[in-house]
Structure formats: C-alpha cells, structure tokens
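J.: Shown below is the structure under consideration.
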Amino acid sequence: MLSDIEILKHLNCIGCNVKVCIVDECDSTNNIASDLLKTAQQPFVVLARKQTSGRGRLQRSWFSDKMASICMSVAYDMAGVASDILASATVRIGIEVCNALNSITNERVFLKWPNDIYSKSGKKIAGMLAELKQINGSYKIVFGIGINYNLSISETPIPNDLLDSVDDIFSKLSSPKSKNEVSAIIINAVIKALSNNVLPDIEKFSEIDWLKNKQVDVSIGNRNFVGVACGINAVGNLLVRLPDDRIEVVNSGEATMHKQKA
C-alpha cells in the first residue's frame, strides 16, 4: 500500500526534498495537481492509490489498478525556463526515468518516443503525459506518469485488448523493492530532470531508444508516412529518414512500429 511516510523516507535517503500527497481515489492525478497549482508551493507530488480516469497523449485512457499500478503527477515551477527546454520536457524526463529504472532492473527498459516506456519484448510498462500551465504569467508543468508495478497482483482484470501488450517493472527488478521505494525512485528521476534545465542528451537517448533504426508509421493529424527512426534532434524531436533519404523532423503526432500489409 502506498504510504507518504515510506515514500518520504526513501526520498530523504536519496536527497530529494519534495512534498508528497496521497489520495485514496481520484479521476486523474494530473487534474488534482493542476487544481493545486494556484495554492500549493511547487514542487509537489500527487499519488493515487486508485485512478479511475487516467489519460495519456492523444486523450487515450490508461488502465490502472489499486494493487498493480503506480499513478502520480509531479508539479514543478518552470518560471524563466527557455521554450525549447519546456518543449523537450517529456523526452528529458523519459530519459531520466528509464535510466533510474535500469539501475534497479536485470532487464533493460526503453523509451519509445516520446512518452512510453517499453520492456525489451516491446510491451508497455509506463506512459507519461506532460501538461504545461500558465498561471499569473508563469509557466508550471504537471507531469503525470502511470507505471505497471506488478500486474500479477492486479485486483482488476486486465482488458483483453491489452493482455499481450503490457508488462510490469516488478518482474524486471534485480532485487525486491516495494511500491513505495519504486515510487520514490521515479519521483527523484522526474525532479532531477525538471531541475536540470538542459536540452535532452542525444547520446543517452540513443542508448534507450526503442524505435532506433526501426521502420515506423508516423501520423501527424491527417498526414501519414513511413520512414526509419534515426534518433532525436537537439530539442527532442524525432528524426525520421524518408525513402528518398530526406530527414523529416517530427515534433507532434505519433510514431509506431511499421505494420506490413498482409
């Protein structure tokens, strides 16, 4: 069971000073964090034992379970931060979270641009969503992350359409770690990324790039095309090599593994 006392104990051990709030149930931790922005000093973290209407990019829903999942949102004051740093937040945080998880696992996890964390078998372990808010002329970020902690103890049946496409972090751990300790490790990674106002590390991204050198289908609004993913640029945009060798810079939309036509 999530415990603010236990999470704070683990955070103190790794030198991360942040306020932690745990709610028993909510629709979305991003919604609660957004509501608190005007009155609560940042940074702070909202975690939910149960989240009923979690969402990801492109308004997709997110499966969560009281026992099996970790659902949290980190709020951070981004006043005075350059626009390219703000725009690259999801990729920067994704790199830090992946590296933090890889430090406690036997099996590497990967970042699928821009906001999903995959196991080496291509199954989704976590999803992330960054929302930029402007309050009294100052930018704040609410960064939500949902992680499959241990699907084997889920009280809620995993939807049939997800069974073959999801994985968890517990089965990859090099030694047992509680949900509270894993939560603290993730919080620390997010805070670290947001406090370091630097552009994404292209080399570090390359080491965990799930789409690297893979043929991808890209959808941007009504436009669709196929190419080969070849990393990111300095501001975290995906680079895709087209069949004519031109490089397409993708800063929105979605890139997925190319599906061959039957």
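J.: Are any residues in segment 16-51 free of Cβ contacts under 8 Å to residues at least 60 places away in the same chain, of a type outside the set (D, E, K, R) and within 20 Å of residue 185 (Cβ to Cβ), and if so, which ones?
T.: 17, 21, 22, 44, 46, 48
J.: Could you tell me whether segment 39-62 includes any residue that is surrounded by 14 or more Cβ atoms within 10 Å (Cβ to Cβ), basic (Lys, Arg) and within 20 Å of residue 232 (Cβ to Cβ)?
T.: There is at least one residue in segment 39-62 that is surrounded by 14 or more Cβ atoms within 10 Å (Cβ to Cβ), basic (Lys, Arg) and within 20 Å of residue 232 (Cβ to Cβ).
J.: Restricting to segment 191-201, what's the tally of residues that are in a loop (DSSP other than H, G, I, E, B) and either surrounded by fewer than 19 Cβ atoms within 10 Å (Cβ to Cβ) or modelled with pLDDT under 95 (or both)?
T.: 5
J.: Looking at segment 220-234 only, could you name the residues that are in contact with a Ser or Thr (Cβ under 8 Å, 6 or more places away or on another chain) and either surrounded by 16 or more Cβ atoms within 10 Å (Cβ to Cβ) or more than 24 Å from residue 199 (Cα to Cα) (or both)?
T.: Selection gives 231 alone.
J.: Related question: Regarding residue 241, is this residue surrounded by fewer than 14 Cβ atoms within 10 Å (Cβ to Cβ), of a type in the set (Lys, Arg) and at pLDDT 95 or above?
T.: In short, no.
J.: Counting only residues that are in a loop (DSSP other than H, G, I, E, B) and surrounded by 14 or more Cβ atoms within 10 Å (Cβ to Cβ), how many does segment 25-38 have?
T.: Residues that pass the stated criteria total 2.
J.: Would you be able to say whether some residue in segment 44-56 is out of contact with any Asp or Glu (no Cβ under 9 Å at 6 or more places or on another chain) and at pLDDT below 95?
T.: Among the residues of segment 44-56, at least one is out of contact with any Asp or Glu (no Cβ under 9 Å at 6 or more places or on another chain) and at pLDDT below 95, which makes the answer yes.
J.: For residue 249, work out the one condition from (1) assigned to a loop (DSSP other than H, G, I, E, B); (2) modelled with pLDDT of 95 or more; (3) surrounded by fewer than 17 Cβ atoms within 10 Å (Cβ to Cβ); (4) of a type outside the set (Ser, Thr, Tyr) it doesn't fulfil.
T.: Against the list (1) assigned to a loop (DSSP other than H, G, I, E, B); (2) modelled with pLDDT of 95 or more; (3) surrounded by fewer than 17 Cβ atoms within 10 Å (Cβ to Cβ); (4) of a type outside the set (Ser, Thr, Tyr), residue 249 comes up short only on (1).
J.: What pairs come up if the first residue lies in segment 187-199 and is farther than 18 Å from residue 236 by Cα, the second is part of a loop (DSSP other than H, G, I, E, B), and their beta carbons are under 7 Å apart, counting only those six or more places apart or on different chains?
T.: Here the result reads 187/16; 187/18; 188/14; 188/16; 191/16; 191/18; 191/43, each pair linking segment 187-199 to a residue that is part of a loop (DSSP other than H, G, I, E, B).
J.: Could we say that residue 22 is surrounded by fewer than 22 Cβ atoms within 10 Å (Cβ to Cβ), more than 15 Å from the chain's Cα centre (by Cα), in a strand (DSSP E or B) and at pLDDT 95 or above here?
T.: Yes: the conditions hold for residue 22.
J.: Find the residue count for segment 140-186, including only residues that are within 23 Å of residue 12 (Cβ to Cβ) and charged (D, E, K, R).
T.: The number of residues fulfilling the criteria is 3.
J.: Among (1) surrounded by 17 or more Cβ atoms within 10 Å (Cβ to Cβ); (2) closer than 29 Å to residue 219 by Cα; (3) more than 18 Å from the chain's Cα centre (by Cα), there is one condition residue 154 misses while meeting the rest; what is its number?
T.: (2)
J.: Sticking with this structure for a sec: What strands (runs of 3 or more DSSP E), lying completely within segment 79-190, carry at least 3 residues that are at pLDDT 95 or above and aliphatic (A, V, I, L, M)?
T.: Where strands (runs of 3 or more DSSP E) fall fully within segment 79-190 and carry at least 3 residues being at pLDDT 95 or above and aliphatic (A, V, I, L, M), they are 124-135, 138-148.
The values are calculated or read from the model by the stated rules, or taken from the named source; none is laboratory data. Note that the structure is predicted; figures quoted are calculated from it, not measured. Cβ coordinates were reconstructed from backbone atoms using ideal geometry, including for glycine residues, and neighbour counts include every protein chain displayed.
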